[in-house]
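Report on the following structure.
The values are calculated or read from the model by the stated rules, or taken from the named source; none is laboratory data. The structure displayed is predicted, hence computed values, not measured ones. Cβ placement follows ideal geometry from the backbone for every residue including glycine, while neighbour counts extend to all protein chains displayed. Note: accessible area is taken over every heavy atom of the protein model, side chains too, but ligands, DNA and RNA are not part of it. Shrake-Rupley method; radii C 1.70, N 1.55, O 1.52, S 1.80 Å.
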Amino acid sequence: MGFSSRRKMRIGDILMNEGLIDQEKLDKALELQKEKKKRLGELLVEEGFVSDDAMADALCNQLHLERANLTEFRIPDDLISLFDPDLLKKYTVIPFSYDSRNVNIIRMAMADPMDMLAIDDLSMITNRMIDPMVATPREIMVAIDRYYGNSEAIKAAKSYEEERADLFKEDEMERMMNEDVTSSPIVQLVNSMIEQAVRQRTSDIHIEALEKSVRVRYRIDGALFEKITYNIKLLPAIVARIKVIGGMDISEKRKPQDGRITSFVDGREYDIRVSILPTVYGEKVVMRITNKGNLTRDKAELGLDEHDLALFDHILSNPHGIILVTGPTGSGKSTTLYTALSELNKEDVNIITVEDPVEANVAGINQVQTNTKAGLTFASALRSILRQDPDIIMIGEIRDEETAGIAVQASITGHLVVSTLHTNSAASTVTRLVDMGLPPYMIADATVGIVAQRLVRRLCPKCKKKRPATPEELSLMYLDGYDIDVYEPVGCASCDNAGYRGRIGVYEIMDIDNDIKRVIAGGGDAEAIKQVALQNGMRTLRMSATQYVINGITSIAEMKKVSYEE
């Protein structure tokens, strides 16, 4: 297909031809376009009329173009060095490869392959022909980050050092607070740090003051990776910028501080919680990133197999009682709770939550955020909530005897209460409640189900390597004498050489049946409760993790992390 015929096609017609949108949606997007001055394709995705992927596939079909696989393909370095990242971002494009038949033709991955202006511009700059391919805007931005990210950050750091050769001065503080300094190198540095982190699926950004340098690490799938180091002189400016956007006191450097930032990256909203702590060499910043849309998932995505799913559903179907989700920080408890709530969120029930802080906004659920300064603690909020005629109450975390007592009272008086606790296993959760001062007979009466959970990293399907399990590993999995293959991580372009990509939940679900109730009421310890649960078909965390190892989903090393308690 020649350029001229491609010029005549419009994105609206293409999507209509593919049956992805109708005239009504197109008209609505065209209306919005007048108001927002954005590209039509961008607006259609933002409004949720069509997904990025579907749009890319439609462009490929209608324009007879190829889809660029940016995650697995390694772009040649000499091609990367031809382009300036700012230009690539402006047009949302990235070079992909040279044409196999002609070195004077560059194949370019483009979000909008009909953007003739971009094609002409790129062609003039490189003095070569441009042959368009298709990729989603997100795929392109992630790739730009991967190939140019650090060089951009280093460029910003250098220009900051040149601008301010001497140390961070008071007037610079003033400038940061007063004017909109989007052009300042430090602002760009902090913005690109957040954008890169989001695109690499980071949960936490750590900015640390070492003696002579500032180290930036990203926590991806639960493990920390060092991304870049800067001159220590940059630290005060970086911290000041984060304090400004996080709404903190810029002049207070001796006390820990907390703040929040809302950031939009590639059209999605992210909530960032910031914690600043004074250390020996300067302030350490940790930013916890949550994607607002990511906490409420489909139940199938949690990683529950059929056996666990049936148990989970059975526990959720209780009209009243306490359901507890337990595990250490960052084990996915909130995601499980929110998923359960979305499942229960029907028109005929009143759901109220008390959280500290509210982690995701869910339509149709009344969410209350605690505020200790105003005297709104978990306990006081709960007392008021019980007068709000609730059917289901979610408590962010049971932290003390008072909250635990009210939760038990609420469940006995006909409410379904869901909450979290920091314990290691389902059985030890009961003993924790006893330690908090609740009588065992009340716990037995109130509790209907306990879910203990962890997250393990999934092996990258593209590069994992099969090998026979050693005798020690077999005995770890209680499979002595069997012949079993296990997989281990390798590392490739698709998983950023980590060997893992994404995580999956490991569960231990205890359905509190009459046998277990009797053991709890009789004051049985965690071991006694566990034994009865096992006889009644409960699978421990280690059993679930072992199953993942046998199925090649995760590695022995990840399994060990989950089941060190046993």
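Every residue, every condition in (1) modelled with pLDDT under 90; (2) surrounded by fewer than 20 Cβ atoms within 10 Å (Cβ to Cβ); (3) β-branched (V, I, T), yes or no:
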{"position": "C492", "(1), (2), (3)": "yes, yes, no"}
{"position": "E508", "(1), (2), (3)": "no, no, no"}
{"position": "G523", "(1), (2), (3)": "no, yes, no"}
{"position": "A528", "(1), (2), (3)": "no, yes, no"}
{"position": "M559", "(1), (2), (3)": "no, no, no"}
{"position": "E566", "(1), (2), (3)": "yes, yes, no"}
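Residue selection: G437 fails the criterion of being at pLDDT below 90 and of a type outside the set (D, E, K, R).
Hey, can you tell me all the residues within the range 63-77 that are buried (at least 18 other Cβ atoms within 10 Å of the Cβ) and more than 26 Å from the chain's Cα centre (by Cα)? If you could, list the steps in order and put the result at the bottom.
Of the range 63-77, the ones buried (at least 18 other Cβ atoms within 10 Å of the Cβ) are 65, 68, 70, 75.
The answer is L65, I75.
Against the condition surrounded by 15 or more Cβ atoms within 10 Å (Cβ to Cβ), modelled with pLDDT of 90 or more and more than 19 Å from D348 (Cα to Cα), how does V418 come out, does it pass? No; evaluated as a whole, the condition is false for this residue. Considering only the range 469-478, I want to know if a residue exists there that is aliphatic (A, V, I, L, M) and either surrounded by 21 or more Cβ atoms within 10 Å (Cβ to Cβ) or touching a His at 6+ places or on another chain (Cβ under 9 Å) (or both). Scanning the range 469-478, I find at least one residue that is aliphatic (A, V, I, L, M) and either surrounded by 21 or more Cβ atoms within 10 Å (Cβ to Cβ) or touching a His at 6+ places or on another chain (Cβ under 9 Å) (or both), so the answer is yes. When V45 is tested against (1) touching a Ser or Thr at 6+ places or on another chain (Cβ under 8 Å); (2) modelled with pLDDT of 85 or more; (3) closer than 30 Å to E269 by Cα, just one condition goes unmet, and that condition is (2). Just so you know, in the range 347-390 the residues that are aliphatic (A, V, I, L, M), open to solvent by less than 40 Å² (accessible area, probe 1.4 Å) and out of contact with any Ser or Thr (no Cβ under 8 Å at 6 or more places or on another chain) include one that is modelled with the lowest pLDDT, and it is V358. Residue count for the range 384-406 satisfying the condition of being more than 17 Å from D435 (Cβ to Cβ) and either out of contact with any helix residue (DSSP H, G or I) (no Cβ under 7 Å at 6 or more places or on another chain) or not in a helix (DSSP H, G or I) (or both): 12. For the structure I just gave you, tell me whether I186 is at pLDDT 70 or above, within 30 Å of N291 (Cβ to Cβ) and open to solvent by 70 Å² or more (accessible area, probe 1.4 Å). So I186 does not fit the description; no. With respect to the conditions (1) within 19 Å of G222 (Cα to Cα); (2) surrounded by fewer than 23 Cβ atoms within 10 Å (Cβ to Cβ); (3) touching a strand residue (DSSP E or B) at 6+ places or on another chain (Cβ under 9 Å), A545 lacks only one, and its number is (2). Considering (1) open to solvent by less than 10 Å² (accessible area, probe 1.4 Å); (2) in contact with a Ser or Thr (Cβ under 6 Å, 6 or more places away or on another chain); (3) assigned to a helix (DSSP H, G or I), the lone condition that V325 does not fulfil carries the number (3). Considering (1) at negative phi; (2) surrounded by 14 or more Cβ atoms within 10 Å (Cβ to Cβ); (3) of a type outside the set (K, R); (4) modelled with pLDDT of 90 or more, the lone condition that E211 does not fulfil carries the number (2). Could you tell me whether T335 is under 23 Å from R399 (Cβ atoms) and either at pLDDT below 90 or acidic (D, E) (or both)? Here the answer is yes, as T335 does meet what is asked. Of the residues screened, V280 is not one that is of a type in the set (V, I, T) and open to solvent by less than 20 Å² (accessible area, probe 1.4 Å).
Could you please give the count of residues in the range 46-61 that are open to solvent by 40 Å² or more (accessible area, probe 1.4 Å) and assigned to a helix (DSSP H, G or I)? Counting residues in the range 46-61 that are open to solvent by 40 Å² or more (accessible area, probe 1.4 Å) and assigned to a helix (DSSP H, G or I) gives 5.
Select from the range 324-344 the residues that are among the small types (G, A, S) and touching a residue at least 60 places away in the same chain (Cβ under 8 Å) and list them in ascending order.
Filtering the range 324-344 down to residues among the small types (G, A, S) leaves 327, 330-332, 334, 340, 342.
If the condition is that a residue be among the small types (G, A, S) and touching a residue at least 60 places away in the same chain (Cβ under 8 Å), then G327, G330, S331, G332, S334, A340 are the ones that fit.
In the range 115-132, the residues that are in contact (Cβ under 8 Å) with a residue 60 or more places away in the chain reach residues that are assigned to a helix (DSSP H, G or I) and open to solvent by 40 Å² or more (accessible area, probe 1.4 Å) with C-beta atoms within less than 7 angstrom, at least six apart or across chains, in these pairs: M116/R7. A search for C-beta distances below 8 Å between a residue of the range 383-400 that is charged (D, E, K, R) and any residue that is open to solvent by less than 100 Å² (accessible area, probe 1.4 Å) and assigned to a loop (DSSP other than H, G, I, E, B), counting only pairs 6+ apart in sequence or on different chains, returns D389/N350; D391/V349; D391/N350; D391/H415; E397/D356; E397/H422; D400/M436. Restricting attention to the range 78-105 and to residues that are surrounded by 22 or more Cβ atoms within 10 Å (Cβ to Cβ) and of a type in the set (A, V, I, L, M), the residue that is farthest from I140 (Cα to Cα) turns out to be L88. A search for C-beta distances below 6 Å between a residue of the range 97-114 that is under 18 Å from N127 (Cα atoms) and of a type in the set (G, A, S) and any residue that is assigned to a strand (DSSP E or B) and open to solvent by 40 Å² or more (accessible area, probe 1.4 Å), counting only pairs 6+ apart in sequence or on different chains, returns S97/R107.
What residue, of D266, D271, is buried (at least 19 other Cβ atoms within 10 Å of the Cβ) and modelled with pLDDT under 90?
Numbers: D266 fails: buried (at least 19 other Cβ atoms within 10 Å of the Cβ).
Only one candidate passes the filter, namely D271.
It is to be established whether one or more residues within the range 500-514 are free of Cβ contacts under 8 Å to residues at least 12 places away in the same chain, within 31 Å of the chain's Cα centre (by Cα) and closer than 28 Å to E301 by Cβ. There is no residue in the range 500-514 that is free of Cβ contacts under 8 Å to residues at least 12 places away in the same chain, within 31 Å of the chain's Cα centre (by Cα) and closer than 28 Å to E301 by Cβ.
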